[in-house]
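Presented below is the structure to which this report refers.
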Amino acid sequence: MISARTHILPPLRRPPSRFELAAGGIVFRIRGGQKEIGFILDPFKKWIFPKGHVERGESTRIAAKRETEE
C-alpha cells in the first residue's frame, strides 16, 4: 500500500559562512603561437588561478598584483 504522506528531510547542517575578499590574476604567455595559462594546485588538490586575501588598507588591484607575483 502506498502512503500519501510526504516525507520532509531535516535541514542540512552547514557551517556558518563568512565573507572573504580575495584578489588574483590570470598568468599567461604565448609560446610558439600557442597560449599557455598558469594555474596553481591549492591545498584541496584543485587547480585554480593564483589568488589570495586582500590585506587591510590594500586595494584589490594591488592585492591581485602582489598575490599573482607571489
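Counting helices only, and only those DSSP H runs with n ≥ 4, report the 222 nm mean residue ellipticity of the chain as the sum of -39,500 (n - 2.57) divided by its residues, in deg cm²/dmol to the nearest 500.
-4000 deg cm²/dmol, from helical runs alone.
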| task | Convert each backbone phi in the stretch 44-54 into a coupling constant with the Karplus relation 6.51 cos²θ - 1.76 cosθ + 1.60 (shift: θ = phi - 60°), then list the ³J(HN,Hα) values in order as whole Hz, x for Gly and Pro. | result | 9, 6, 10, 7, 9, 6, x, 7, x, 6, 7
| request: With a 1.4 Å probe and every protein chain kept in, tell me what percent of the accessible surface of the stretch 6-70 is carbon plus sulfur. | output: 59
| request: Could you tally the net charge around Val27, taking each other residue with its Cβ under 14 Å from the Cβ of Val27, Lys/Arg +1 and Asp/Glu -1? | output: +2
| With labels modelled as points extended 7 Å from the Cα through the Cβ direction, what inter-label distance (nm, one decimal) is found for Val27 paired with Arg56? | 2.9
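Just how large is the dipole of the chain about the Cα centre, in debye to the nearest 20, putting +1 at every Lys and Arg Cβ and -1 at every Asp and Glu Cβ? Write out the running numbers ahead of the final one.
Numbers: 14 positive and 8 negative charges, 63 e Å.
With Lys and Arg at +1 and Asp and Glu at -1, about 300 debye.
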| query | Near Lys51, within a Cβ-to-Cβ distance under 15 Å, what is the net charge of the other residues, with Lys and Arg +1 and Asp and Glu -1? | reply | -3
| request: Can you work out the accessible area per residue across the chain, with the rest of the protein chains kept in place, probe 1.4 Å, in square angstrom? | output: 104
| query | How long are the three semi-axes of the equivalent ellipsoid of the chain, in whole Å, if each is the root of 5 times an eigenvalue of the C-alpha gyration tensor, listed from largest down? | reply | 42, 21, 10
| query | What trypsin sites (Lys or Arg not before Pro) in the chain are in a loop by DSSP, with at most 11 other Cβ atoms within 10 Å of the Cβ? | reply | Arg5, Arg13, Arg18, Lys45, Lys46, Arg56
| task | Have a look at Ile62, Gly52, Ile26 and report the one farthest towards the positive end of the charge dipole of the stretch 18-69, computed about the Cα centre with Cβ charges (Lys/Arg +1, Asp/Glu -1). | result | Ile26
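Please sort by residue number the chymotrypsin sites (Phe, Trp or Tyr not before Pro) in the stretch 2-70 whose DSSP state is loop and whose Cβ has at most 10 other Cβ atoms within 10 Å.
Listed in order of number, the matching sites are Phe19, Phe44.
The values are calculated or read from the model by the stated rules, or taken from the named source; none is laboratory data. Just so we're clear, the structure is a prediction, and the values are computed from it rather than from any experiment. Note that we place each Cβ from the backbone using ideal geometry, even for glycine, and neighbour counts take in every protein chain shown. Just so you know, the surface numbers come from the protein's heavy atoms only, side chains and all, with ligands and any DNA or RNA stripped out. Shrake-Rupley method; radii C 1.70, N 1.55, O 1.52, S 1.80 Å.
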